[in-house]
Amino acid sequence: MIVIYFFLFGLCMGSFLNVCIYRLPQGDSIAYPPSHCMHCQSRLQMVDLIPVLSYLFLRGRCRQCGTPYSIRYTFVEILTGCLFIWCYTVFGIGFPLIKALILTSFLLVITYIDYDHQLILDKVLLFMAGAGALIECLTPSVGLLSIIAGSLAGGGLLLLIAIASKGGMGGGDIKLATVLGIYLGAKLTLLALFLSFVIGGVVAVFILLFKRKGRRDCIPFGPFIAAGAFLSLLYGQELIRWYWSLCMG
Ligand SMILES: [Zn+2]
């Protein structure tokens with residue numbers, strides 16, 4: 001039953017994240033003006049703001065002028081709902097869950113803005129760093145030394161790759177890895193980056209195979225770091241324990 005609440009909470013959060021994803025790159029306020037149609041500027045009514053259902057009722061069109069909305073808004077809402085349920089099933093109720101939901105929300109915004117604009121915004125990273133520091137102050141779970149080590153190692157590793165690949169890695173990716181250190185600490189940050197290389201590599205092979213993009217087109221790396229960070233937060237401790245148990249034979 002409680003799973004349904006988390007899904008609904010995720011849908012509403014996803015609706016807010018959509019506003020962030022759309023407005024932050026344009027430098028607009030996320031609070032004002034109220035949600036409106038991009039085409040005819042008519043203000044959305046309360047009932048139009050209900051996630052998913054409003055899309056179904058209005059068949060994905062503006063109530064006033066009939067301009068179709070992208071299905072992606074609804075997809076992001078449902079995705080957020082599913083990820084929130086996933087976090088809940090791993091952590092249960094408690095502070096680790098709150099931290100997971102906050103990190104997941106930031107990662108979603110970063111993923112979609114990077115996908116749209118090949119850009120990771122400093123203001124998003126600053127908020128993310130501040131929220132992570134606040135959580136760590138309220139309920140210490142990582143430890144200051146591990147945070148410093150994770151930030152330096154994570155940011156440093158991507159900086160080295162950026163230098164070695166002559167621009168294959170962006171400044172935003174380096175900063176994101178640095179901020180992840182606050183949430184994940186040293187071990188899980190490095191694991192997150194390792195996972196992001198694995199996921200990114202697999203996806204790159206598929207894209208090349210199906211020729212969705214040419215070899216020279218650039219694929220933003222932020223979404224892969226985000227996916228790696230999400231999996232590392234949820235399963236990192238288990239993965240590391242499993243890995244060591246293999247090594248010890
Ligand atoms: Zn309209």
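Some notes on this structure:
- Distance cut-off 17 Å, percentage of C-alpha pairs in the stretch 157-204 lying past it: 36
- Size descriptors for the stretch 87-151, from the alpha-carbon set: Rg then Dmax equal 13.2, 36 Å.
- Prolate/oblate/rounded call for the stretch 1-93, Cα gyration tensor, a/c under 1.5 rounded: prolate
- Scanning residues 5 or more positions from residue 61 or on other chains, those with amide H under 5 Å from its amide H are 69, with H placed 1.01 Å from N in the peptide plane.
- Candidates per chymotrypsin sites (Phe, Trp or Tyr not before Pro) in the stretch 110-187, loop by DSSP, up to 13 other Cβ within 10 Å: none
- Of all lysines in the structure, the ones whose alpha carbon falls short of 30 Å from that of residue 187, not counting any fewer than 8 places away in one chain, are 99, 123, 166, 175.
- Gyration tensor (alpha-carbon) shape descriptor, the stretch 120-249, a/c threshold 1.5: oblate
- Per-residue ³J(HN,Hα) for the stretch 134-146, Karplus 6.51 cos²θ - 1.76 cosθ + 1.60, θ = phi - 60°, Hz, x for Gly and Pro: 5, 4, 5, 5, 6, 9, x, 9, 9, x, 4, 4, 5
- For the stretch 121-143 versus the stretch 233-249, the inter-centroid distance based on Cα atoms is 26 Å.
- Sparse-neighbour loop sites [trypsin sites (Lys or Arg not before Pro); the stretch 1-97; at most 13 other C-beta within 10 Å; DSSP]: 59
- Put a plus charge on the Cβ of each Lys and Arg, a minus charge on the Cβ of each Asp and Glu, and nothing anywhere else: the dipole of the stretch 120-249 about its Cα centre is then about 540 debye.
- Cβ-placed point charges (K, R +1; D, E -1), dipole of the stretch 1-93 about Cα centre in debye, nearest 20: 240
- Per residue, the solvent-accessible area of the stretch 1-93 (1.4 Å probe, heavy atoms of protein chains only, all protein chains present) comes to 62 Å².
- Within the chain, helix-based [θ] at 222 nm, where runs of 4 or more DSSP H residues each add -39,500 (n - 2.57), nearest 500: -24000 deg cm²/dmol
- Global geometry of the chain, whether rounded, prolate or oblate, following the gyration tensor of its Cα atoms and the 1.5 cut on a/c: prolate
- Rel. contact order, % - alpha carbon contacts under 8 angstrom, at least six apart, the chain: 18
- In order along the stretch 4-16, the Karplus-derived 3J(HN,Hα) couplings, from 6.51 cos²θ - 1.76 cosθ + 1.60 at θ = phi - 60°, round to 5, 4, 5, 5, 5, 4, x, 4, 5, 4, x, 4, 5 Hz, and Gly and Pro are given as x.
- Percent carbon-and-sulfur accessible area, the stretch 10-149, ignoring ligands, DNA and RNA, probe 1.4 Å: 69
- Per residue solvent-accessible surface (Å²) - the stretch 120-249, probe of 1.4 Å: 58
- A 1.4 Å probe over all protein chains sorts 128, 38 by accessible area into 38, 128, starting with the largest.
- For residue 36, the residues whose amide H sits under 5 Å from its own are 44, ignoring neighbours fewer than 5 places away on the same chain, with H placed 1.01 Å from N.
The values are calculated or read from the model by the stated rules, or taken from the named source; none is laboratory data. Predicted model, so just to flag it, every value in this text is computed and none were measured. Methodologically, a virtual Cβ is constructed for each residue, glycine included, from the backbone with ideal geometry; neighbour enumeration extends over all protein chains shown. These area figures cover heavy atoms from the full protein model, side chains too; ligands, DNA and RNA do not enter into them. Shrake-Rupley method; radii C 1.70, N 1.55, O 1.52, S 1.80 Å.
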